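These notes are about the structure you will find just below.
Laboratory data are not the source of any read-out in this text; all were calculated from the coordinates shown. Bear in mind the structure is a predicted one, so any value in this text is a computation, not a measurement. Cβ placement follows ideal geometry from the backbone for every residue including glycine, while neighbour counts extend to all protein chains displayed.
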Amino acid sequence: MKRLGILISGRGSNLEAIADHIARGTLDAEIAIVIASRAEARGLEAARDRGLPAISIPSKGLDREVYDRLLLDELRKHAVDLVCLAGFMRLLSASFIRQFPNRILNIHPSLLPAFSGLDAQHQALEHGVKITGCTVHFVDEELDAGPIVIQAAVPVEAGDTVESLSARILKEEHRIYSEAIRIVLSGRYRIEARRVILI
Ligand code: GAR
């Protein structure tokens, strides 16, 4: 069984959705460790309530390389095959990323390359797009830029607020993250330049 390491910083709803897919048998994997970058991350409690191994490694005040070394040690200790960033609000160092070539996924609440970075849903509303969505992509050394595994489109409706739009996008996030993990763990894909091609 392939082992997931899930990194969070906050609420952890994507983590919970992945755990639900595993529990329902629609994703064949196990969560080896949940790591939060903040001790107060709500997702930590949700993970522990489900009996998942969950720890916090607070990042505050730590140099990036030092922090990433701690992360790496923990992920190695738990023999993690695939690292899933699920609302993990930190940049990872190039040396960390090189330890997991095409073995780190991230979920982002926009149709990349539009609206990378922080507050993607707010950016989409401000720009006035009619369609936005979410993206699961491989993590490379640039922000929100690696090869795209799967995307889902979500309409922006008249009267949307950041909250209502975020909720509509989140529903799709919860569906596509597990789908992307399934694809990557199956190994039935190849990457050509930027394109992830399913085989
Ligand atoms: C999700 O909407 C995720 O796409 C976003 O943070 C939220 C985390 O929610 N991630 C980013 O914006 C990354 N740049 P969750 O903690 O409930 O999964």
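Here is the list for region 1-73: GluC sites (Glu not before Pro) lying in DSSP coil, each with at most 11 other C-beta atoms within 10 angstrom of its C-beta, are 40.
Beta bridges from DSSP with both residues in the chain: antiparallel share about 45 percent, rounded to the nearest 5.
Where in the chain are the helices, taken as whole DSSP H runs, whose Cα atoms extend 30 angstrom or more along the long axis and whose Kyte-Doolittle mean reaches at least -1.0? The partial results should precede the final answer.
Working: long enough: 162-186 (35 Å, 0.09).
Both cut-offs are met by 162-186.
You can think of it this way: the chain between residue 2 and residue 197 has 68.1 nm of extra reach, that is 0.36 nm per residue less the Cα-Cα gap. About its Cα centre, the dipole of the chain is roughly 540 debye, where the only charges are +1 on Lys and Arg Cβ and -1 on Asp and Glu Cβ.
Between residue 64 and residue 119, the simple spin-label model (points 7 angstrom out along Cα→Cβ) gives 2.2 nm.
Please report, in debye to the nearest 20, how large the charge dipole of region 138-197 is about its Cα centre when each Lys and Arg carries +1 at its beta carbon and each Asp and Glu carries -1 there.
440 debye
Is the shape of region 1-101 rounded, prolate or oblate, going by the alpha carbon gyration tensor and its root eigenvalues a ≥ b ≥ c, with a/c under 1.5 for rounded and a/b larger than b/c for prolate?
oblate
In summary, the lysines within cross-link reach of residue 60, defined as a Cα separation below 29 angstrom excluding same-chain residues under 8 places away, comprise 77.
Entry note: region 48-199 has Rg to Rh equal to 0.98, where both radii use alpha-carbon atoms and Rh is the Kirkwood radius.
Under the simplified labelling scheme, the residue 79-residue 182 pair shows an inter-label distance of 2.6 nm, with each label point 7 Å from Cα along Cα→Cβ. Projected label points at residue 162 and residue 56, each 7 Å from Cα along the beta carbon direction, are separated by 2.3 nanometres. The stretch between residue 103 and residue 23, if pulled fully straight at 0.36 nm per residue, gains 26.5 nm over its current Cα-Cα span.
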